[in-house]
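Here the structure is laid out as structure tokens; the discussion comes afterwards.
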Amino acid sequence: MAIGVAAGVSVGTVISPYAGAALADDAAGPSYLLVGGTGSSNIGVLRESGGRLIPVGQPVPTDTGTLSITVTPNGRFAYVAHTVSGTLQGFRVGDDGTLERLEGAHLAPGRPIVGAVVSPDGKWLFATVGSVTNDVQTYAIAPSGALTHVDSVTIPGATSGLSIPVVSPDGRFLFAPSFIGATMDSYAIGFDGRLTPTGSQVPTGDRPALPSVTPNGKFLYITNEGTDDVSGYRIAPDGALNPIGRFPTKAIPHGMAITPDGRYLYLPQTGGQSVNGFEIRDDGALVPVPGAEAPSAPGHLPGRVVLSPDAQRLYVIDTLTTTGTAKVFTYRVKPNGGLEATAELPVDTGVTFSDGATGVFASLGPA
């Protein structure tokens, strides 16, 4: 992996054509889908309203090689990690969907920043930094969105790189996979944001990419791009991971979404050019859901799925497409877990090659 140098790119506020109407039909505050352009060095902003996605202005320029976007629980701050430029940049999310660079929220350690995740209480940002091997660095998030370094731990192993971590819904544990080393490590998160290893390192399938934890905190799943399956783990009370099985998929499974009730899991299969749904059984086993297979449109390779804020729709984001820029396709989620295509036309994000954890909702709460 090339180690980039920090690049200074000036980004101002993006003017939205929908400014002034942001709260008109969103009583709980507007929601915006942020889609990162790994290849195009920008972020597409799409407003979600009434089951429709509407582009907000032009895509926002960023640094290079985005693999992660994470937002604070109130949706007011977004942090974008870049592997090529070796930087992380924070943005303030305006009521109208504008993104404005944050002072005091720009990291430039001189090494790739691969993954980034914010704790559920909004106090901490955890970033994985490095190339062949990764450190997990903790940063305190100030009320202004500024970042202050707190601590750093090294993920064990000679090839612990390309790690995109996830935090448990209760904020007690962080789980860090190694895409290169095919392993997963667990850490307890202290009251001060410091990480302490817990449990033993566990194996995954080949090229584990993007982990997710069920809302009740019982199970963790990760897609294995190299072995075309999903590894499942039961999370022990101390955060240790106990393997419960490997569940086959089609080709190159990628970024998944789990429903808020923890009953269903959806994932795109980039090589299989489709999206598939699975029921999560009480023991953590994944069983395909009849009627939850959605073939991709010709020329579109899905890379990530994201549930709408009300979990009634599944948005499928291209990772690659023959049309040049990534599109988002909309499906209705049925009560039985099935998927149904809607009449909504695909929406252009304005970004190219959206890879990694680069599709996330910012649902705005009080400032």
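The values are calculated or read from the model by the stated rules, or taken from the named source; none is laboratory data. Everything numeric in this text was worked out from a predicted model, so none of it was measured. A quick note on method: Cβ atoms are made from the backbone with ideal geometry, for glycine too, and the neighbour counts reach across all protein chains shown.
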Conditions (1) modelled with pLDDT of 95 or more; (2) within 19 Å of the chain's Cα centre (by Cα); (3) crowded, with 23+ Cβ neighbours inside 10 Å; number of the one not met by residue 270: (1)
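Could you identify the single residue in 144, 131, 168, 152 that is under 27 Å from residue 219 (Cβ atoms), among the hydroxyl-bearing types (Ser, Thr, Tyr) and either modelled with pLDDT of 95 or more or more than 20 Å from the chain's Cα centre (by Cα) (or both)?
Numbers: 144 fails: under 27 Å from residue 219 (Cβ atoms); 131 fails: under 27 Å from residue 219 (Cβ atoms); 152 fails: under 27 Å from residue 219 (Cβ atoms).
Answer to the selection: 168.
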Qualifying position, being crowded, with 23+ Cβ neighbours inside 10 Å, in a strand (DSSP E or B) and either among the small types (Gly, Ala, Ser) or modelled with pLDDT of 95 or more (or both), among 115, 104: 115
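In the range 42-59, what residues are of a type in the set (Gly, Ala, Ser), surrounded by fewer than 22 Cβ atoms within 10 Å (Cβ to Cβ) and either part of a strand (DSSP E or B) or under 17 Å from the mean Cα position of the chain (by Cα) (or both)?
The first filter runs over the range 42-59 and keeps only residues of a type in the set (Gly, Ala, Ser), leaving 44, 49-51, 57.
Narrowing the set further to residues that are surrounded by fewer than 22 Cβ atoms within 10 Å (Cβ to Cβ) leaves 49-51, 57.
Within the range 42-59, just 49 meets the criteria.
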Residue within the range 278-288 that is closer than 26 Å to residue 70 by Cα, in contact with a strand residue (DSSP E or B) (Cβ under 7 Å, 6 or more places away or on another chain) and crowded, with 19+ Cβ neighbours inside 10 Å present: yes
Condition broken by residue 143, with the remaining ones in (1) assigned to a loop (DSSP other than H, G, I, E, B); (2) out of contact with any strand residue (DSSP E or B) (no Cβ under 7 Å at 6 or more places or on another chain); (3) in contact (Cβ under 8 Å) with a residue 24 or more places away in the chain satisfied: (3)
Counted residues, the range 290-321 - those being of a type in the set (Gly, Ala, Ser) and within 14 Å of residue 359 (Cβ to Cβ): 2
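A quick yes/no check of all residues on (1) crowded, with 22+ Cβ neighbours inside 10 Å; (2) among the β-branched types (Val, Ile, Thr); (3) under 21 Å from residue 252 (Cα atoms):
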{"residue": "308", "(1), (2), (3)": "no, no, no"}
{"residue": "317", "(1), (2), (3)": "yes, yes, yes"}
{"residue": "347", "(1), (2), (3)": "no, yes, no"}
{"residue": "354", "(1), (2), (3)": "yes, no, yes"}
{"residue": "360", "(1), (2), (3)": "no, yes, yes"}
Residues that are part of a loop (DSSP other than H, G, I, E, B) and of a type in the set (S, T, N, Q), drawn from the range 180-208: 198, 200, 201, 204
Segments classed as strands (runs of 3 or more DSSP E), wholly inside the range 312-363, with at least 3 members that are under 19 Å from the mean Cα position of the chain (by Cα) and modelled with pLDDT of 95 or more: 313-321, 327-333, 359-363
First in the range 299-314 and hydroxyl-bearing (Ser, Thr, Tyr), second anywhere and modelled with pLDDT under 95 and surrounded by fewer than 22 Cβ atoms within 10 Å (Cβ to Cβ), Cβ under 8 Å, 6 or more apart: 308/51
Per-region count, the range 237-258, residues in contact (Cβ under 8 Å) with a residue 40 or more places away in the chain and on the phi > 0 side of the Ramachandran plot: 2
All strands (runs of 3 or more DSSP E) inside the range 222-281 with 2 or more residues being within 16 Å of residue 331 (Cα to Cα): 264-269, 274-280
Leading residue by the ranking (farthest from residue 72 (Cα to Cα)) among those in the range 148-164 that are buried (at least 24 other Cβ atoms within 10 Å of the Cβ) and free of Cβ contacts under 8 Å to residues at least 60 places away in the same chain: 160
Which numbered condition residue 112 misses (of (1) out of contact with any Asp or Glu (no Cβ under 8 Å at 6 or more places or on another chain); (2) farther than 18 Å from residue 358 by Cα): (2)
